[in-house]
Amino acid sequence: YATGVINFGTYVDLLLPPLAIYMWADGDYDPGIAESFGYDDDGNYIVTLKDGYTWSDGTPIVAEDLVTTFNTGYLINWSVWQNLDSVEVVDELTAKFHIRDGSPLVERRILVENLRPTSVYGEFGERAGELIAEGVGSSEDAFTELLNELTEFRPAEFVSGGPYLLLAENISDA
């Protein structure tokens with residue numbers, strides 16, 4: 001989320017797991033960290049994560065990570081928020097995306113996003129969730145203050161969602 005950071009490009013999926021990957025040749029999504037996904041009868045989007053996956057810091061990858069990821073994305077104006085009212089935890093591995101305005105792009109905007117760990121970004125996700133619930137928008141001071149905190153935040157350690165660790169001593173311009 002921070003400015004002036006390393007862009008992992010196509011390798012980001014190895015470090016921060018996406019929910020699914022769109023397979024252009026098949027015209028369908030191949031599950032990543034998501035076990036299942038789709039619309040419910042009310043037109044909301046439901047994602048259930050695979051069980052047993054952990055972040056590199058040992059914390060489990062759970063539905064709260066979905067909420068943290070997308071609530072924090074609200075602060076940096078992710079386009080999916082044009083169509084969302086909120087994201088909530090249904091159970092340990094399931095989250096519900098409350099859709100405000102349907103769009104063919106909503107599913108893609110949800111599924112291809114890379115998760116971020118609550119163990120690192122949880123405070124930002126929680127505080128952003130409060131702003132969302134209160135209807136606070138980007139022109140308001142509380143929003144701007146939290147966005148500034150987020151963009152200035154530098155985690156002490158990079159927490160990945162796979163077998164790969166990013167170590168500062170291995171980063172170069174090469």
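The values are calculated or read from the model by the stated rules, or taken from the named source; none is laboratory data. As the structure is a prediction and not an experimental result, all values here were calculated from the model. Positions of Cβ are generated from backbone atoms using ideal geometry, with glycine treated the same way; all protein chains shown enter the neighbour counts. Heavy atoms of the whole protein, side chains included, go into the accessibility calculation; ligands, DNA and RNA do not. Shrake-Rupley method; radii C 1.70, N 1.55, O 1.52, S 1.80 Å.
Just the residues that are at pLDDT below 95 and closer than 14 Å to R108 by Cβ, please, taken from segment 30-67.
D30, G32, listed by residue number.
Every residue in segment 75-112 that is out of contact with any Pro (no Cβ under 7 Å at 6 or more places or on another chain), in a loop (DSSP other than H, G, I, E, B), touching a residue at least 40 places away in the same chain (Cβ under 8 Å) and hydrophobic (A, V, I, L, M, F, W, C), please.
Scanning segment 75-112 gives I76, L93.
Restrict the check to segment 113-133 and report whether at least one residue is part of a loop (DSSP other than H, G, I, E, B), open to solvent by 60 Å² or more (accessible area, probe 1.4 Å) and more than 16 Å from P17 (Cβ to Cβ).
Scanning segment 113-133 turns up no residue that is part of a loop (DSSP other than H, G, I, E, B), open to solvent by 60 Å² or more (accessible area, probe 1.4 Å) and more than 16 Å from P17 (Cβ to Cβ).
Looking only at residues in segment 26-43 that are under 18 Å from T69 (Cα atoms) and part of a loop (DSSP other than H, G, I, E, B), which one is farthest from the chain's Cα centre (by Cα)?
This residue is G32.
Please work out which residue is farthest from L16 (Cα to Cα), limiting yourself to segment 86-106 and to residues that are open to solvent by less than 50 Å² (accessible area, probe 1.4 Å) and not β-branched (V, I, T).
The residue in question is S103.
Taking the condition without any contact (Cβ under 8 Å) to a residue 40 or more places away in the chain and in a loop (DSSP other than H, G, I, E, B), does G58 pass?
Considered against the rule, which asks whether it is without any contact (Cβ under 8 Å) to a residue 40 or more places away in the chain and in a loop (DSSP other than H, G, I, E, B), G58 comes out as yes.
Quick check: is even one residue across segment 109-118 within 27 Å of A156 (Cα to Cα), hydrophobic (A, V, I, L, M, F, W, C) and either out of contact with any Cys (no Cβ under 8 Å at 6 or more places or on another chain) or modelled with pLDDT of 95 or more (or both)?
yes
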